[in-house]
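J.: Shown below is the structure under consideration.
The values are calculated or read from the model by the stated rules, or taken from the named source; none is laboratory data. As the structure is a computational prediction, the values presented were derived from the model and not from experiment. All Cβ positions, glycine included, derive from the backbone under ideal geometry; neighbour counts span all protein chains shown. Keep in mind that these areas ignore ligands, DNA and RNA; they rest on the heavy atoms of the full protein, side chains included. Shrake-Rupley method; radii C 1.70, N 1.55, O 1.52, S 1.80 Å.
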Amino acid sequence: MTDEQRKASEDFTYGCELCTSSDLTVDPAAAEMLTIADELGISTMFSRAAEMKPCPIGAEGACCKLCAMGPCRISGKDKEGKTGVCGATLETIAARNFARMVAAGSSAHSDHGRDVAFTLKAVAEGEIEGMRVTDEVKLAKVARDFGIEIEGKDVSAIAGEVADVALSQFGQQTGELLFARRAPEKRQALWRNLGITPRGIDRDVVELLHRTNAGNDQDYEDILDASMKCALGDGWGGSMIATDLSDILFGTPEPVRSAANLGVLSPDQVNIVIHGHEPLLSSVIVQSTRKPEMIELAKSVGAAGINLVGICCTANENLMRQGVPPAGNMLHQELSIITGAVEAMVVDVQCVFQGLARTAEYFHTKLITTSEKAHIKGDGVVHIQVDEHRPVQAADEIVRRAIENFPNRGDIHIPTETGQLIAGFSHEYIRHMLGGKMRASLRPLNDNVMNGRIRGLAAVVGCNNPRTKQDAGIVHIVRELIANDVLCVVTGCAAIASGKYGLLAPETMEYAGDGLREVLETVGIPPVLHVGSCVDNSRILTVLSEVVEEGGLGEDISDLPAIGICPEWFSEKAIAIATYCVASGAYVIFGGVGSPVAASLELMDYMITGWEERVGGKLAFIQDHEAIVASALDTIDAKRAALKIDAPRERVLFDMEMRRELDV
Ligand code: SF4
Ligand code: MSK
């Protein structure tokens with residue numbers, strides 16, 4: 001820290017003098033680091049969110065800046081009947097804003113999927129040093145799903161054909177995405193009827209951008225329905241390709257023990273943080289840190305070894321396949337650097353924020369960008385462009401630079417908190433753990449939902465947002481759902497949050513309701529299952545389709561007593577995920593900051609009643625955690641009643657003592 005920076009710290013506070021760090025997070029490790037950031041005068045996403053109030057017009061979707069006749073804002077007391085200069089109504093403006101979030105979010109996941117497909121192609125052609133197909137069984141399965149004849153072909157030939165077909169899905173102009181065939185028959189027929197079956201991943205994104213260009217589609221219902229089509233290309237296209245091809249390349253996850261939170265940073269080893277979303281370079285970095293010559297090099301500069309940890313979904317990708325411990329979810333990216341103990345933070349794409357560059361300037365940390373799509377300017381930033389054909393070379397250079405940086409370390413402050421966890425419940429593993437290795441099956445799951453021991457299924461997913469108390473919603477909702485016999489699966493930052501508080505450990509069983517506990521104890525799994533990163537929400541679509549196929553719980557995803565919840569969303573990607581889950585038949589609840597189209601009650605209503613009539617799924621924005629749980633359980637019970645499998649039951653309400661224990 002320079003003298004100038006130290007001086008700047010003297011009058012620094014969080015922007016709101018009344019705010020303390022524990023108002024901003026339920027995580028003691030984060031609170032501790034926020035106090036230190038405040039003392040050192042370092043701004044964070046938390047402090048900047050407190051200083052900068054969100055624009056209320058933009059936050060509610062009522063600002064249009066599509067053309068130079070505007071920007072137009074539909075706000076104020078006289079907003080009734082007001083339009084933009086072109087005559088666009090509030091509904092049209094808000095719907096276009098929402099649709100463009102879907103298009104951008106879908107693009108991010110799908111472009112990730114495209115890169116994984118290119119990697120598989122290069123591996124098939126022997127172009128990537130040190131990398132080969134890891135899961136040949138999954139390769140064969142995906143090949144069959146794509147209609148590829150595999151008889152008599154070797155692994156490389158099959159991998160090459162799978163990669164070619166996957167890549168063709170992006171530019172396909174007509175027809176239907178191949179993975180959409182994994183959906184229940186009834187769902188596929190519904191999509192065809194409504195004309196929302198995704199055709200080509202890129203085409204549907206482009207069409208949605210065209211549709212929402214100024215002076216084009218100005219019927220909000222039509223715009224929102226087209227958003228579903230585009231998002232389906234993400235869920236059943238780009239994201240599913242990312243998930244399945246990553247399994248082929250890096251291995252299909254199986255349960256692995258690890259730990260989460262800032263306490264996984266080491267006081268005496270070289271700490272390297274991998275952050276972002278893509279698994280290619282990071283998985284090679286894992287190998288590089290384990291090389292004896294690298295460990296020797298670390299020892300030669302006075303370190304006890306090399307410690308690799310993760311943030312966000314790069315963390316999830318490497319946690320579930322290699323056991324790499326996450327140092328935290330999205331809001332921990334700056335906090336991990338503020339520990340002073342990070343020699344290098346290596347980033348790829350998505351959820352990697354520019355504020356990192358300034359934070360890194362206060363410390364010795366090297367911020368290393370590696371993707372041609374994601375550069376950051378800054379004195380402490382180094383760009384190492386990864387040649388995807390030679391990732392080992394790049395990984396070794398990165399690890400070496402981190403090691404060489406160790407002697408530059410100053411004071412460190414690492415919180416001690418960690419949560420023990422088990423991660424890596426792929427959909428394949430879920431089938432094996434329920435049915436056994438010889439006869440993998442979801443039958444026991446369906447039977448226990450039908451007999452009521454498991455009341456329903458919930459996917460709790462998504463981000464952190466500094467405008468809502470970090471992790472409070474995620475922890476509260478997960479705890480209440482399992483207490484009410486709802487089996488939870490978690491992905492993304494919600495998965496890491498669950499890990500930080502021990503919710504992914506078998507000991508969580510004590511919080512589960514009696515019925516759920518009975519089932520889980522028999523199978524030997526925790527009540528909250530880590531199923532992966534953000535693109536791995538596609539695993540949930542696959543599992544739900546397989547549950548329908550297994551029988552006894554209706555004919556479509558919309559019949560299942562299942563729910564999706566994103567308690568603390570911030571990203572356009574989360575909006576895309578919500579939209580493809582709704583279009584797949586799920587009730588999805590978003591918490592935290594509220595609806596991005598709150599200015600239009602008509603639009604909000606269409607996303608609930610209109611979408612439910614059309615696709616059987618709906619999207620609601622509810623801020624109160626209790627109300628989210630109540631709505632989730634009501635929906636689960638209503639679905640059970642419709643399936644005629646309901647048994648009357650009381651909701652387990654949390655008393656004061658349980659709440660105090662939750663501390664949220
Ligand atoms: Fe205003 Fe219409 Fe242009 Fe939007 S498209 S900025 S509402 S004139
Ligand atoms: S990383 S999109 S903050 S979940 Fe997938 Fe976390 Fe949300 Fe990024």
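J.: Quick one: what are the phi-derived ³J(HN,Hα) couplings along the range 31-38, Karplus 6.51/-1.76/1.60 with θ = phi - 60°, whole Hz, x for glycine and proline?
T.: For the range 31-38, the Karplus curve yields 4, 4, 5, 5, 5, 5, 4, 4 Hz.
J.: Whole number in Å², please: accessible area per residue of the range 422-660, 1.4 Å probe, ligands, DNA and RNA not counted.
T.: On the way: 7650 Å² over 239 residues.
Solvent-accessible surface per residue comes out at 32 Å².
J.: Could you work out [θ]222 nm for the chain from helices alone, using -39500 (n - 2.57) per DSSP H run of at least four and dividing by all its residues? Round to the nearest 500 deg cm²/dmol.
T.: On the way: 29 runs with 310 residues, N = 664.
Computed ellipticity for the chain at 222 nm equals -14000 deg cm²/dmol.
J.: Right, next: Under the rule of at least 5 residues apart or a separate chain, name every residue whose amide H is placed under 5 Å from the amide H of Leu529.
T.: It is Cys488, Val489, Val490, by chain and number.
J.: If packing is taken as the mean number of other Cβ atoms within 10 Å per residue, what is the order of 473-480, 230-237, 270-277, highest first?
T.: For the peptides 473-480, 230-237, 270-277, the packing ranking is 230-237, 270-277, 473-480.
J.: Report ³J(HN,Hα) in whole Hz for each residue of the range 77-85, in order, from the Karplus equation J = 6.51 cos²θ - 1.76 cosθ + 1.60 where θ = phi - 60°; Gly and Pro get x.
T.: For the range 77-85, the Karplus curve yields 5, 9, 6, 3, x, 6, 9, x, 4 Hz.
J.: How large is the Kirkwood hydrodynamic radius of the range 422-660, in angstrom, based on all distinct alpha carbon pairs?
T.: Details: mean 1/r = 0.0567 Å⁻¹.
About 17.6 Å, per the Kirkwood formula over Cα pairs.
J.: Calculate, for the range 91-250, the solvent-accessible area per residue in square angstrom, rolling a 1.4 angstrom probe over the heavy atoms of the protein chains.
T.: Roughly 36 Å² per residue, with all protein chains present.
J.: Then there's this: Which links in Lys500/Lys618; Lys373/Lys469; Lys141/Lys186 stretch past 27 Å when you go from one Cα to the other?
T.: Numbers: Lys500/Lys618 30 Å; Lys373/Lys469 31 Å; Lys141/Lys186 23 Å.
Over 27 Å apart, Cα to Cα: Lys500/Lys618; Lys373/Lys469.
J.: Using a cut-off of 14 Å between alpha-carbon atoms, which aspartates and glutamates can reach Lys82, once sequence neighbours fewer than 8 places away in the same chain are excluded?
T.: Counting by Cα, and skipping residues close in sequence, Lys82 has these aspartates and glutamates nearby: Glu91.
J.: Limiting things to C-alpha atoms, what are the Rg and the maximum Cα-Cα separation (Dmax) for the range 368-512, in angstroms?
T.: Every Cα atom of the range 368-512 included, Rg and Dmax give 21.2, 61 Å.
J.: Continuing with the same structure: Taking the Kirkwood radius as the inverse of the mean 1/r across Cα pairs, report the Rg/Rh of the range 532-586.
T.: 0.99
J.: Pop out the carbon and sulfur fraction of the accessible area of the chain as a percent, whole number, probe 1.4 Å.
T.: After summing per-atom areas, the C and S share lands at 50 percent.
J.: Right, here's the next one. Given the Cα atoms of the chain, and with Rh set as the inverse mean 1/r over their pairs in the Kirkwood sense, what is Rg to Rh to two decimals?
T.: On the way: Rg = 24.1 Å, Rh = 25.3 Å.
Ratio value, two decimals: 0.95.
J.: In addition: How large is the accessible surface per residue of the range 271-408, computed with a 1.4 Å probe and reported in Å² as a whole number?
T.: For the range 271-408, the solvent-accessible area averages 32 Å² per residue.
J.: At 0.36 nm per residue, and after removing the present C-alpha to C-alpha distance, how many nm does the segment from Ser168 to Ile412 gain when stretched out fully?
T.: Difference between extended and current length: 82.9 nm.
J.: Still on this model: Applying a 10 Å radius around every beta-carbon, put 399-405, 605-611 in order of their mean neighbour count, most first.
T.: 399-405, 605-611
J.: Could you work out how much longer the chain between Val137 and Asp268 gets when fully extended? Use 0.36 nm per residue separation minus the Cα distance between them, nm to one decimal.
T.: 43.1 nm
J.: Rg and Dmax of the range 457-580 over Cα atoms: what are they, in angstrom?
T.: Using the Cα atoms of the range 457-580, the pair Rg, Dmax is 14.2, 42 Å.
J.: Please give the charge dipole size of the chain, origin at the Cα centre, charges +1 on K and R Cβ atoms and -1 on D and E Cβ atoms. Round to the nearest 20 debye.
T.: 580 debye
J.: Sticking with this one: Can you list residues whose amide H is under 5 Å from Val346's amide H, if they're 5+ apart or on another chain and H is modeled 1.01 Å from N?
T.: Amide H to amide H, under 5 Å and 5 or more residues apart or across chains, Val346 pairs with Val273, Ile274, His275, Ile368.
J.: Using the Karplus equation 6.51 cos²θ - 1.76 cosθ + 1.60 (θ = phi - 60°), what ³J(HN,Hα) coupling, rounded to whole Hz, does each residue of the range 44-58 give in order, writing x for Gly and Pro?
T.: Result, ordered by residue: 9, 4, 5, 6, 5, 5, 6, 6, 10, 6, x, 5, x, 6, x Hz.
J.: Another question, then. Using all Cα-Cα distances in the range 271-408, what percent lands in each 10 angstrom bin from 0 up to the longest?
T.: 13, 49, 35, 3
J.: Treat every Asp and Glu Cβ in the range 91-250 as -1 and every Lys and Arg Cβ as +1, leave all other atoms uncharged, and give the resulting dipole magnitude about the Cα centre to the nearest 20 debye.
T.: Charge dipole of the range 91-250: 340 debye, to the nearest 20.
J.: Can you grab the distance from the C-alpha centre of the range 437-480 to the C-alpha centre of the range 328-362, Å, no decimals?
T.: When both Cα centres are located, 30 Å separates them.
J.: Between Cys67 and Glu510, what is the label-to-label distance in nm when each label sits 7 Å out along the Cα-to-Cβ direction?
T.: If labels sit at Cys67 and Glu510, their model points lie 6.4 nm apart.
J.: Translational diffusion coefficient of the range 200-271 at 37 °C, 0.692 mPa s, Stokes-Einstein with Kirkwood Rh over Cα pairs, in µm²/s as a whole number.
T.: Once the numbers are plugged in, D ends up at 205 µm²/s.
J.: Another one. Principal axis lengths of the range 91-250 from Cα atoms, whole Å, largest first?
T.: 54, 34, 21
J.: Could you give the length gained by full extension between Asp634 and Asp23, i.e. 0.36 nm per residue of separation minus their alpha carbon distance, to one decimal place?
T.: Contour length minus the Cα-Cα distance gives 216.9 nm.
J.: Over the Cα atoms of the range 157-283, Rg to Rh with Kirkwood Rh, two decimal places? Walk me through the numbers on the way to the answer.
T.: Working: Rg = 19.6 Å, Rh = 17.6 Å.
Using only Cα positions, Rg/Rh for the range 157-283 is 1.11.
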